[in-house]
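Since the structure comes first, as structure tokens, the remarks are kept for the end.
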Amino acid sequence: MIEKINLNNILFLDIETVPEAEDYNALDEEMKNLWDHKTQYQRKDEYTPEDFYDRAGIWAEFGKIVCISVGYFTIKGDIRNFRVTSFFGEEKKILHDFNNLLNNHFNQPQHVLCGHNAKEFDIPFLARRMIINNIAIPNKLNLFGKKPWEIPHLDTLELWKFGDYKHFTSLKLMCKILGIPSPKGDIDGSQVGHVFYVEKDIDRIVTYCEKDTIAVAQIFLRLRREDLLIEDEIIHV
């Protein structure tokens, strides 16, 4: 039962990703061919490989991480706070810093990660990008060979499915139906690449990512039938 999990032991997270290159023409010929083949089924005849490249950020082989936002509860007596921080900038440093956080502060058996669709997207993406960047995978992400039910991490999407594995509910929709203020600001996931490469506004991306992390924590509280966080309880560090 999720009500029995100590909130202090959960690291809530969200990642933002973009295509590894600014546009399709920046790829070498081999990567272009690999991209063409990888996306052939999804594209069908509707899009050219070049037109489809703005979606490259959803694949770890063709995308990269530009921001990781994390949040965690500190509860002492009747005082509850939720601290939020972000890693952003050059991908290898982002991954190193996140790796250090896990190894130094969230490395015990009772510690778990929690995200929305994190088991299908965020966690595998993080692990794959660490391998690509030649970074040792921390124990919390080293899930080689584990079956789905052997993975201890929490996923608000999975919790909402109640065993219905065909069902997908977006973070925004869950917030709406559960009465949680929408985390979405002035951009959405499909615009992150444009904001990163064209507008070069990483601060907007960080704000967007942190709002999603807070929303995941709010959903988790709601699923436990606990009071939602109020603004004064959220601390950006």
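I want to confirm something. Restricting to segment 58-69 and keeping residues that are out of contact with any Asp or Glu (no Cβ under 8 Å at 6 or more places or on another chain) and either of a type in the set (S, T, N, Q) or farther than 17 Å from Gly115 by Cα (or both), which single residue is surrounded by the fewest Cβ atoms within 10 Å (Cβ to Cβ)?
Ranking the candidates gives Glu61 first.
Looking at segment 3-18, is at least one residue surrounded by fewer than 13 Cβ atoms within 10 Å (Cβ to Cβ), farther than 22 Å from Glu210 by Cβ, touching a residue at least 60 places away in the same chain (Cβ under 8 Å) and not polar (S, T, N, Q)?
Yes, that holds for at least one residue.
If you check Ile68, Ile79, Ile58, which single one turns out to be of a type in the set (Val, Ile, Thr), within 24 Å of Thr213 (Cα to Cα) and free of Cβ contacts under 8 Å to residues at least 24 places away in the same chain?
Exactly one residue qualifies, and that residue is Ile79.
Which of the residues belonging to segment 19-45 are touching a helix residue (DSSP H, G or I) at 6+ places or on another chain (Cβ under 7 Å), in a helix (DSSP H, G or I), in contact (Cβ under 8 Å) with a residue 24 or more places away in the chain and charged (D, E, K, R)?
Matches in segment 19-45: none.
Quick one: in segment 46-88, of everything that is of a type in the set (D, E, K, R) and not in a strand (DSSP E or B), which residue is modelled with the lowest pLDDT?
So, considering only residues that are of a type in the set (D, E, K, R) and not in a strand (DSSP E or B), the one modelled with the lowest pLDDT is Glu46.
Just need a number here: residues in segment 156-169 that are of a type outside the set (A, V, I, L, M, F, W, C), out of contact with any Leu (no Cβ under 9 Å at 6 or more places or on another chain) and either under 24 Å from Arg225 (Cα atoms) or surrounded by 16 or more Cβ atoms within 10 Å (Cβ to Cβ) (or both).
Keep residues of segment 156-169 that are of a type outside the set (A, V, I, L, M, F, W, C), which gives 156, 158, 161, 163-167, 169.
With the extra rule that they be out of contact with any Leu (no Cβ under 9 Å at 6 or more places or on another chain), the set shrinks to 158, 161, 163-166.
Still in the list and also either under 24 Å from Arg225 (Cα atoms) or surrounded by 16 or more Cβ atoms within 10 Å (Cβ to Cβ) (or both): 158, 161, 163-165.
Of the residues in segment 156-169, 5 are of a type outside the set (A, V, I, L, M, F, W, C), out of contact with any Leu (no Cβ under 9 Å at 6 or more places or on another chain) and either under 24 Å from Arg225 (Cα atoms) or surrounded by 16 or more Cβ atoms within 10 Å (Cβ to Cβ) (or both).
May I ask you to verify whether Ile94 is assigned to a strand (DSSP E or B), over 19 Å from Ile10 (Cβ atoms) and of a type in the set (A, V, I, L, M, F, W, C)?
no
Give just the number: which of (1) out of contact with any strand residue (DSSP E or B) (no Cβ under 8 Å at 6 or more places or on another chain); (2) at pLDDT 95 or above; (3) in a helix (DSSP H, G or I) does Phe125 not satisfy?
Of the numbered conditions (1) out of contact with any strand residue (DSSP E or B) (no Cβ under 8 Å at 6 or more places or on another chain); (2) at pLDDT 95 or above; (3) in a helix (DSSP H, G or I), the odd one out for Phe125 is (1).
So, restricting to helices (runs of 4 or more DSSP H) that lie completely within segment 154-237, which ones have at least 1 residues that are among the β-branched types (Val, Ile, Thr) and under 30 Å from Asp23 (Cβ atoms)?
Where helices (runs of 4 or more DSSP H) fall fully within segment 154-237 and carry at least 1 residues being among the β-branched types (Val, Ile, Thr) and under 30 Å from Asp23 (Cβ atoms), they are 202-223.
Go through (1) within 26 Å of Lys147 (Cβ to Cβ); (2) surrounded by 19 or more Cβ atoms within 10 Å (Cβ to Cβ); (3) out of contact with any Asp or Glu (no Cβ under 6 Å at 6 or more places or on another chain); (4) not polar (S, T, N, Q) one by one and return the number of the condition Gly115 breaks.
(3)
Considering only segment 66-119, state which residues are within 19 Å of Gly189 (Cα to Cα) and basic (Lys, Arg).
Answer for segment 66-119, where residues must be within 19 Å of Gly189 (Cα to Cα) and basic (Lys, Arg): just Lys119.
Could you identify the single residue in Gly193, Gly179 that is in contact with a strand residue (DSSP E or B) (Cβ under 7 Å, 6 or more places away or on another chain) and either buried (at least 18 other Cβ atoms within 10 Å of the Cβ) or not basic (Lys, Arg) (or both)?
Gly193
Working only within segment 121-138, note down all residues that are surrounded by 14 or more Cβ atoms within 10 Å (Cβ to Cβ) and either over 21 Å from Pro19 (Cα atoms) or among the charged types (D, E, K, R) (or both).
Asp122, Arg128, Arg129, Ile137, Pro138
The values are calculated or read from the model by the stated rules, or taken from the named source; none is laboratory data. What you see is a predicted model; the values in this text were computed from it and never measured. Here Cβ is always computed from backbone atoms with ideal geometry, including for glycine, and neighbour counts include all displayed protein chains.
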